[in-house]
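Visitor: Got a structure for you, questions after.
The values are calculated or read from the model by the stated rules, or taken from the named source; none is laboratory data. Note that the structure is predicted; figures quoted are calculated from it, not measured. Note that each Cβ is placed from the backbone with ideal geometry, even for glycine, and that neighbours are counted across all protein chains shown. All accessible areas refer to the heavy atoms of the entire protein, side chains included, with ligands and DNA or RNA removed. Shrake-Rupley method; radii C 1.70, N 1.55, O 1.52, S 1.80 Å.
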Amino acid sequence: MRLVSLRQVQPGMKLGRTVFTEDGKVLLGVGMQLTERLISGLQRSGVDSVYIDDPRTEDIVVEEVIRPQTRQIAVEVIEKTIKQITNSNKLARKISLKEMGLHFQRAFSSILDDLMQNKQMVGHLTTISSHSPSLYHHSVNVAVLATAVGMSIGYNRTQLMNLGVGAMLHDIGKVSLPEELLQKKERWNEEEQEIAKQHTTLGFNLLRKQHDISLMSAHVCLQHHERLNGSGYPQGLVGKQIHEFAQIVGICDIYDSLTSPRPWRKRYMPQDAVEYLLGSGGHLFEHHLVNAFIKHIAIFPLGSSVVLNTGETGVVSRVDPDYSHRPVVRILRDGRGNDVIAPYDLNLKENIRLFIIGFEDDQLFNISGLSESESEPS
């Protein structure tokens, strides 16, 4: 299979992976033959790329690090909680979330079990994206990434549970922000951003009242925008004042936000997000945490379409965790843009004169440069 920009998808192509709605339900299943109507429906749903079955890349299997049913359960728990909070806010009632922590612990326990069973995949995540920018999927993505980092550091199961539940709930305070702010499709202005910053405190105040959610998980919500140098919020904490769990979630939050599309911008390339995080070590985050995160990210994900310096285009067919910037590429078109009759693999680790200059469909990505304001998710 290979990842294809939706604008390059043609009727008759078959889906290689399930596409989910923003609330975790199956939108289109694996093997579905796409039609113009279905492609238009994907566009309306905010999907910008899908995995396609292709005989030339049928041996390239991009497995999901967590099972689709695990993701769906987690998303449904987040959605249900958000709806309960929203309804309470609308009715001006005191929020009552019975067994909230228990539901999240069960959902995250399934995520953790999947990750424990897929330790080889967790060792170098090639993709976790649901291709949905919704708060629900973002929360699950951040939880998966944060747990991978926690596993590499050597956290025990209790620590991973506290980290993971905190990661799933890190943005829960956004539900208590003004509805018009949440519905806005343009980038927030300075005044709106200041209002949005309240989500850390709002979330913390909600979570610390839940008897079955640990104070550590609640502090992840409070501190995930704090930065080592004191430039973060809400308290401007510095250095060791910031809990390690919150730093890990902050790193993962930035990465997933940058590599996901937003209504006002395209997604950034993984290498742009990685480069920003590498530069943040010792400045915004502890070096060892950034390095632990980077070890788990494939700069050129398996199945992605890339362009070489020779003009040849192909699909990443294999990724060596120790040389993620020099993967094996299945060449599909030559330097003149002609289809290759017999596609073949090039190991860039063994061909030092060859290197990847970008992804095939640059229109899928924001290539205008990463600004400081854009790098910090609200």
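Visitor: Condition first: open to solvent by less than 20 Å² (accessible area, probe 1.4 Å), basic (Lys, Arg) and more than 30 Å from Glu99 (Cβ to Cβ). Can you find one or more residues in segment 231-241 that meet it?
Guide: Checking segment 231-241: not a single residue is open to solvent by less than 20 Å² (accessible area, probe 1.4 Å), basic (Lys, Arg) and more than 30 Å from Glu99 (Cβ to Cβ).
Visitor: Just one of (1) in a loop (DSSP other than H, G, I, E, B); (2) open to solvent by less than 20 Å² (accessible area, probe 1.4 Å); (3) of a type outside the set (A, V, I, L, M) trips up Arg353, so point out which.
Guide: All conditions pass for Arg353, except number (2).
Visitor: For segment 256-281, which positions are small (Gly, Ala, Ser), open to solvent by less than 50 Å² (accessible area, probe 1.4 Å) and either part of a helix (DSSP H, G or I) or over 24 Å from Gly46 (Cβ atoms) (or both)?
Guide: As a first pass, look at segment 256-281 and keep what is small (Gly, Ala, Ser): 257, 260, 273, 279-281.
Subsequent filtering for residues that are open to solvent by less than 50 Å² (accessible area, probe 1.4 Å) retains 257, 260, 273, 280-281.
Ser257, Ala273, Ser280, Gly281, listed by residue number.
Visitor: Only one of (1) free of Cβ contacts under 8 Å to residues at least 24 places away in the same chain; (2) open to solvent by 10 Å² or more (accessible area, probe 1.4 Å) fails for Ile331. Which number is that?
Guide: (2)
Visitor: Please enumerate the residues belonging to segment 246-255 that are open to solvent by less than 10 Å² (accessible area, probe 1.4 Å), in contact (Cβ under 8 Å) with a residue 60 or more places away in the chain and either closer than 29 Å to Ser45 by Cα or aromatic (Phe, Trp, Tyr) (or both).
Guide: Val249, Ile251, Cys252, Asp253, Ile254
Visitor: Determine whether segment 312-328 contains at least one residue that is within 30 Å of Thr57 (Cα to Cα), open to solvent by 30 Å² or more (accessible area, probe 1.4 Å), basic (Lys, Arg) and in a strand (DSSP E or B).
Guide: For segment 312-328, residues within 30 Å of Thr57 (Cα to Cα), open to solvent by 30 Å² or more (accessible area, probe 1.4 Å), basic (Lys, Arg) and in a strand (DSSP E or B): present.
Visitor: Moving to a separate point now. Taking the stated definitions as given, is Leu28 open to solvent by less than 20 Å² (accessible area, probe 1.4 Å), of a type in the set (A, V, I, L, M, F, W, C) and within 18 Å of Gln72 (Cα to Cα)?
Guide: Numbers: open to solvent by less than 20 Å² (accessible area, probe 1.4 Å): yes; of a type in the set (A, V, I, L, M, F, W, C): yes; within 18 Å of Gln72 (Cα to Cα): yes.
The answer is yes for Leu28.
Visitor: Also: Have a look at Gln183, Gln193, Gln210, Gln198 and point out the one that is at pLDDT below 90 and more than 24 Å from Arg106 (Cβ to Cβ).
Guide: Details: Gln193 fails: at pLDDT below 90; Gln210 fails: more than 24 Å from Arg106 (Cβ to Cβ); Gln198 fails: at pLDDT below 90.
Sole residue among the options that is at pLDDT below 90 and more than 24 Å from Arg106 (Cβ to Cβ): Gln183.
Yes or no, residue by residue, for (1) under 22 Å from Ile294 (Cα atoms); (2) touching a helix residue (DSSP H, G or I) at 6+ places or on another chain (Cβ under 9 Å); (3) at pLDDT 85 or above:
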| site | (1), (2), (3) |
| --- | --- |
| Ala92 | no, no, no |
| Met116 | yes, yes, yes |
| His131 | yes, yes, no |
| Asn141 | yes, yes, yes |
| Tyr155 | yes, yes, yes |
| Leu163 | yes, yes, yes |
| Gly166 | yes, yes, yes |
| His170 | yes, yes, yes |
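Visitor: Examine segment 42-64 for a residue that is open to solvent by 20 Å² or more (accessible area, probe 1.4 Å), of a type in the set (Gly, Ala, Ser), at pLDDT below 90 and not in a helix (DSSP H, G or I), and state whether such a residue exists. Show your work before the answer.
Guide: Let us first name the residues in segment 42-64 that are open to solvent by 20 Å² or more (accessible area, probe 1.4 Å), namely 43-46, 48, 53, 55-56, 58-59, 61, 63-64.
Checking which are of a type in the set (Gly, Ala, Ser) leaves us with 45-46.
Cutting the leftovers down to at pLDDT below 90 gives us 45-46.
If we keep only those that are not in a helix (DSSP H, G or I) as well, we get 45-46.
Yes, segment 42-64 has at least one match.
Visitor: Taking the condition part of a helix (DSSP H, G or I) and open to solvent by 10 Å² or more (accessible area, probe 1.4 Å), does Glu194 pass? Talk me through it step by step, then tell me what you get.
Guide: Details: part of a helix (DSSP H, G or I): yes; open to solvent by 10 Å² or more (accessible area, probe 1.4 Å): yes.
So Glu194 fits the description; yes.
Visitor: Please verify whether Gln223 is under 17 Å from the mean Cα position of the chain (by Cα), among the polar types (S, T, N, Q), more than 30 Å from Ser45 (Cα to Cα) and crowded, with 22+ Cβ neighbours inside 10 Å, treating the condition exactly as stated. Spell out the reasoning first.
Guide: On the way: under 17 Å from the mean Cα position of the chain (by Cα): no; among the polar types (S, T, N, Q): yes; more than 30 Å from Ser45 (Cα to Cα): yes; crowded, with 22+ Cβ neighbours inside 10 Å: yes.
Judged against the criteria, Gln223 is not a match.
For (1) within 23 Å of Gly279 (Cβ to Cβ); (2) of a type in the set (A, V, I, L, M, F, W, C), each residue gets a yes or a no:
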position: Gln193; (1), (2): yes, no
position: Phe204; (1), (2): no, yes
position: Leu207; (1), (2): no, yes
position: Ser214; (1), (2): no, no
position: His219; (1), (2): no, no
position: Arg227; (1), (2): yes, no
position: Ile242; (1), (2): yes, yes
position: Gly250; (1), (2): yes, no
